[in-house]
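The values are calculated or read from the model by the stated rules, or taken from the named source; none is laboratory data. All figures in this text were calculated on a predicted structure; none of them were measured in a lab. With ideal geometry, Cβ positions are generated from the backbone for all residues, glycine too; neighbour counts draw on all protein chains shown. Surface accessibility is based on the protein's heavy atoms, side chains included, excluding ligands, DNA and RNA. Shrake-Rupley method; radii C 1.70, N 1.55, O 1.52, S 1.80 Å.
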Amino acid sequence: NIYITQLKYFPSKLPFVKDGDIFLRFPIILQNNLRQKDMLKAFKKNKILIGDWYSNVIDPAGVDFKKVGYTVGSCPNAEYAAKHVINLPTYSAIKTNDIKKLIKVMAGYVENK
């Protein structure tokens, strides 16, 4: 998997991948105080569209937590993930050069942090 190879030293938690795995999206959890919203801005600035799937602990954004029985702080791992997950594209037409550009933008974001 090119993402595993290219991101092994990037400050993120990568999914466990075994031969034959197929991903709808390739999720990574940003670490070292890197934030999803800031990285999405860096992608947008470089004309790279990355969806913001799962950016809230409960979707859709703005849902009344009391109505769905959720208490803020009750699932700290989910709350952290919602603020730090990036779902990288895996569509069949993505090219190696596209992935390298995406990773270059990610690296630039980290350097400027």
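Couple of notes before you dig in:
- Only helices enter this figure: runs of n ≥ 4 DSSP H residues, each worth -39500 (n - 2.57), summed and divided by the residues of the chain, yield -11000 deg cm²/dmol at 222 nm to the nearest 500.
- Label selected from (i) 15.8; (ii) 15.3; (iii) 14.7, the criterion being Kirkwood radius over Cα pairs in Å as computed here: (ii)
- Cut-off under 5 Å, modelled amide H: who pairs with LEU88 long-range: PHE26, ILE28
- Exceedance of the 24 Å cut-off in Cα-Cα distance is limited, within the set LYS45/LYS83; LYS18/LYS44; LYS66/LYS113; LYS13/LYS66, to LYS18/LYS44; LYS66/LYS113; LYS13/LYS66.
- Rounded tilt (10° steps) of 36-45 against the dominant C-alpha axis of the chain: 40
- Within segment 60-97, chymotrypsin sites (Phe, Trp or Tyr not before Pro) in DSSP loop having at most 11 other beta-carbon neighbours inside 10 Å: TYR91
- Under Karplus coefficients 6.51, -1.76 and 1.60, residue-wise ³J(HN,Hα) of segment 89-100 in Hz, glycine/proline x: x, 9, 4, 5, 8, 5, 9, 4, 5, 5, 5, 5
- Under Karplus coefficients 6.51, -1.76 and 1.60, residue-wise ³J(HN,Hα) of segment 67-83 in Hz, glycine/proline x: 5, 9, x, 9, 10, 4, x, 6, 10, x, 5, 5, 5, 5, 4, 4, 8
- Of ARG25, ARG35, the order by accessible heavy-atom surface (1.4 Å probe, DNA, RNA and ligands excluded), from most exposed downward, is ARG35, ARG25.
- Pair ASN112, ILE48: separation of 7 Å Cα→Cβ label points (nm): 1.2
- If you sort SER74, SER12, SER92 by accessible surface, 1.4 Å probe, largest first, the order is SER92, SER74, SER12.
- Amide hydrogen proximity for SER12: with H placed 1.01 Å from N in the peptide plane, the residues at 5 or more positions away or on another chain lying under 5 Å are GLN31.
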